[in-house]
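To start, the structure under review is shown below, and the notes come after it.
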Amino acid sequence: MPEAAASAPSLADLTTLRLGGPAEQLVEVTSEEETIAATKRAKPGKPLLVLAGGSNVVIADEGVPGTVVLLRQRGIDVRQEGETVRLTVQAGQPWDEVAAVAVASGWAGIESLSGIPGSAGATPIQNVGAYGQEVAETITAVRAYDRVRDEVVTLPKEACGFAYRTSVFKHNERFVVLSVTFELAVSPLSTPVRYAELARTLGVQAGESAPLTDVRETVLKLRAGKGMVLDPVDRDTFSVGSFFTNPVVAAEAVEDVRRAAGEPPAWPAPDGMVKLSAAWLIERAGFGKGYGDPASGVALSGKHTLALTNRGTGTTAALLGLAREIQHGVKDRFGVQLHPEPVLVNCRL
Ligand SMILES: Cc1cc2nc3c(=O)[nH]c(=O)nc-3n(C[C@H](O)[C@H](O)[C@H](O)COP(=O)(O)OP(=O)(O)OC[C@H]3O[C@@H](n4cnc5c(N)ncnc54)[C@H](O)[C@@H]3O)c2cc1C
C-alpha cells in the first residue's frame with residue numbers, strides 16, 4: 001500500500017508538548033519500504049524531519065519547511081537462542097509496548113526503561129536511559145537508511161557512538177533508523193538495580209536484582225509521581241521529559257557549586273569529569289516546581305523542576321523563553337551551562 005500524503009495539520013497534535021506549527025508536507029509511513037521511498041522523495045534542498053512519538057522535539061510555532069516523515073511501522077521479531085533473546089523492533093513501534101512485552105515474557109535488560117514515551121526507533125538517537133539502564137547496554141545493531149550512501153546499512157553497536165544522552169544519530173540527518181535489535185537475557189529477575197531510589201523503593205540493596213514485574217511497576221509508579229508518564233489529563237506531562245541534560249563538568253566547577261549552595265548530588269563521568277543534577281541546580285537557582293508566568297501558558301512541571309510544560313495555552317516561543325531564563329539563572333548562580341536534551345526543530349535557544 002502506498003504511503004499516505006496527508007494535508008499538513010499542525011504538528012502540535014503529534015508532539016507531547018502539543019506545540020509546533022504546520023509541516024509544509026507530511027507523509028505517514030507504515031513500512032520500511034515506504035519510509036525509504038518517502039525519505040528519497042523529500043523536497044530537494046529542503047529539510048527533512050523524521051518524526052515518531054514527538055516526545056523529544058520542540059518544533060517552532062512557524063512550523064517546518066520541507067517534509068516531515070511520520071513513522072508508524074510496527075512489529076517485533078523475536079529470536080531465542082538458549083538464554084538469550086534477540087528482539088528486532090520496527091522503528092515506529094511504541095517503546096513502552098516493547099518494555100511491557102519483555103517484562104511479561106521474562107526477558108531482562110530494559111525493565112527500568114518502562115514508561116518512557118516515544119518509539120523504539122528513537123531510542124538509539126539519544127541513547128534513552130532511566131533508573132540506571134540505557135539502551136546502549138542491550139542494543140546490538142541498528143538498521144538504518146543511509147541518505148549519504150543511498151543504501152540500507154546495519155550499524156553494529158560499536159558504530160553507534162553511544163554516550164550519555166547522545167549517539168551518532170543525534171543532530172544528524174544522515175540516518176533514518178528502520179529497526180533496532182536488542183539482546184535480552186531470559187530471566188524472571190532484573191539486571192542488577194543500580195539506581196539508589198529504585199533499589200530503596202523495591203526494598204533491595206543497590207546491585208541486587210528484583211522480579212521484572214516488580215521493577216516495571218515500581219518504575220512506572222516513581223515516574224508517574226514525577227509527571228514522567230504520559231497522561232492526557234495531566235498538564236505536568238505535556239513536556240519532553242527532562243528539558244536539560246545533567247551537565248558534565250570539571251572537578252573545579254563542582255567546588256564552585258559547593259561554595260554557592262552546599263554539597264550537590266554528583267556522579268563520576270568519563271575522563272575525571274563529574275555529572276551534576278540539572279534538577280538540583282535549577283531548584284537551587286530559584287526555579288521551583290510550577291515556576292512560570294501564568295499568562296505565558298508555560299511553566300515548570302508541578303512535579304519535577306526539569307520538565308518544562310505547556311499548560312494548554314503555551315507557545316514554543318514562550319517555552320524557549322522560559323528555558324533561556326532558567327539557563328541564564330543557573331549560569332549566573334553556579335557558572336554551569338545547561339544544554340537542551342530535546343531536538344529543537346527550526347528554532348533555537
Ligand atoms: C513525559 C516524558 C518522559 C520522558 N522520559 C525520558 C527518560 O526517562 N529517558 C529518556 O532518555 N528520554 C525520555 N523522554 C524523551 C523521549 O521520550 C525519548 O527521547 C524518546 O526516545 C523519543 O522518541 P520519539 O519517538 O517520541 O522521538 P521524536 O520526538 O519523534 O524524535 C526525536 C528525535 O529523534 C529523531 N528520530 C526519531 N525517530 C527516528 C528514526 N527512526 N530515525 C532517525 N531519527 C529519528 C527525530 O528526527 C528527532 O530528532 C521523555 C519524554 C517525555 C515526554
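Annotations
- The residue list THR237, THR191, THR166 contains one member that is farther than 30 Å from THR316 by Cα, polar (S, T, N, Q) and either touching a residue at least 12 places away in the same chain (Cβ under 8 Å) or touching a Lys or Arg at 6+ places or on another chain (Cβ under 7 Å) (or both), which is THR191.
- Among the residues making up the range 211-258, those that are in a loop (DSSP other than H, G, I, E, B), aliphatic (A, V, I, L, M) and closer than 21 Å to GLU283 by Cβ are MET228, VAL240.
- Exactly one residue among GLU111, GLU81 is more than 21 Å from VAL57 (Cβ to Cβ), crowded, with 21+ Cβ neighbours inside 10 Å and of a type in the set (Asp, Glu), and that residue is GLU111.
- You will find that of GLU173, GLU183, GLU158, GLU208, the residue that is part of a helix (DSSP H, G or I) and of a type in the set (Asp, Glu) is GLU158 and no other.
- Which numbered condition VAL343 misses (of (1) among the β-branched types (Val, Ile, Thr); (2) within 16 Å of the ligand (Cβ to nearest atom); (3) without any contact (Cβ under 8 Å) to a residue 40 or more places away in the chain; (4) within 21 Å of ALA60 (Cβ to Cβ)): (3)
- Every pair of residues 6+ apart whose Cβ atoms lie under 8 Å, when the first sits in the range 92-110 and is on the phi > 0 side of the Ramachandran plot and within 16 Å of the ligand (Cβ to nearest atom) while the second is of a type in the set (D, E, K, R) and not in a loop (DSSP other than H, G, I, E, B): GLY109/GLU137; GLY109/GLU183
- Pairs with Cβ under 8 Å, 6+ apart, first in the range 211-230 and among the acidic types (Asp, Glu), second in a helix (DSSP H, G or I) and surrounded by fewer than 17 Cβ atoms within 10 Å (Cβ to Cβ): none
- Residue within the range 200-209 that is within 23 Å of the chain's Cα centre (by Cα), on the phi < 0 side of the Ramachandran plot and either surrounded by fewer than 19 Cβ atoms within 10 Å (Cβ to Cβ) or within 9 Å of the ligand (Cβ to nearest atom) (or both) present: no
- The sole residue among VAL153, VAL142 that is touching a Leu at 6+ places or on another chain (Cβ under 6 Å), assigned to a strand (DSSP E or B), under 15 Å from VAL180 (Cβ atoms) and without any contact (Cβ under 8 Å) to a residue 40 or more places away in the chain is VAL142.
- Any hit, the range 261-268, residues being over 30 Å from THR15 (Cα atoms) and charged (D, E, K, R): yes
- Yes/no for ALA279 being at pLDDT below 95 and buried (at least 16 other Cβ atoms within 10 Å of the Cβ): no
The values are calculated or read from the model by the stated rules, or taken from the named source; none is laboratory data. Note that this is a predicted model, so its numbers are computed, not measured. With ideal geometry, Cβ positions are generated from the backbone for all residues, glycine too; neighbour counts draw on all protein chains shown.
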